[in-house]
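Notes follow once the structure below has been shown.
The values are calculated or read from the model by the stated rules, or taken from the named source; none is laboratory data. Being a predicted model, the structure only gives us computed values, none of them experimental. Methodologically, a virtual Cβ is constructed for each residue, glycine included, from the backbone with ideal geometry; neighbour enumeration extends over all protein chains shown. We work out accessible area using only protein heavy atoms, side chains counted, and drop any ligands, DNA or RNA first. Shrake-Rupley method; radii C 1.70, N 1.55, O 1.52, S 1.80 Å.
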Amino acid sequence: MQHTRTWQDVYGSACASFGGRAGGHRWLVAAPPELAPGLSEALAAVEGKGEAVLLIHDGLTPLLAAARELNPRGVLVVAPAPLSSGPALEVPERTLDGAGGLTYREGGAFPAWTGAAHPDAPSGACPPASAAASLGTAVVVTAPADVRAALETWMDATPHGR
């Protein structure tokens, strides 16, 4: 996929769009800053159709906003290790500072989720996956080194995906 644009959202999150061949689906790849190095290169190496949007975020509000706005086919959550599912959880409320002096509150109850991949991976709490699942969006949780393979595998398993 080819890098087509970079921007910052109102929450101060870095965003980048990668375009593939015509057709396909839109995918959201969400990562915390500490797991983001190398992800742009991994997405640029993806062979497929559609678009992948990389969101480097702190907190759940930027992820929820991006998922609502983009309405992706799925959200690929980058975590320290792959997970197959996770329990419902309660995220403590906190106040965060976004771009341009924006201050926002986030937190709340999020549902259990089952991933669309890695059935043999362990189960574990993953707030970004629970947040994406709260919107009814399909989720895959994978490690940074596996982003390209996870996205291509998901595309292959999706009609008109790759």
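A few notes on this one:
- The stretch 26-64, residues that are small (Gly, Ala, Ser), assigned to a helix (DSSP H, G or I) and over 14 Å from Ala14 (Cβ atoms): Ala42, Ala44
- Residues of the stretch 35-56 that are open to solvent by 10 Å² or more (accessible area, probe 1.4 Å) and of a type outside the set (D, E, K, R): Leu35, Ala36, Pro37, Gly38, Ser40, Ala42, Ala44, Ala45, Gly50, Ile56.
- Of all residues in the stretch 106-157, those satisfying the criterion of being part of a helix (DSSP H, G or I) and either open to solvent by 70 Å² or more (accessible area, probe 1.4 Å) or touching a helix residue (DSSP H, G or I) at 6+ places or on another chain (Cβ under 7 Å) (or both) are Pro128, Ala131, Ala132, Pro144, Ala145, Val147, Arg148, Thr153, Asp156.
- Any hit, the stretch 29-37, residues being over 16 Å from the mean Cα position of the chain (by Cα) and among the charged types (D, E, K, R): no
- Qualifying residue in the stretch 65-73 (condition: open to solvent by 20 Å² or more (accessible area, probe 1.4 Å), modelled with pLDDT of 95 or more and at positive phi): yes
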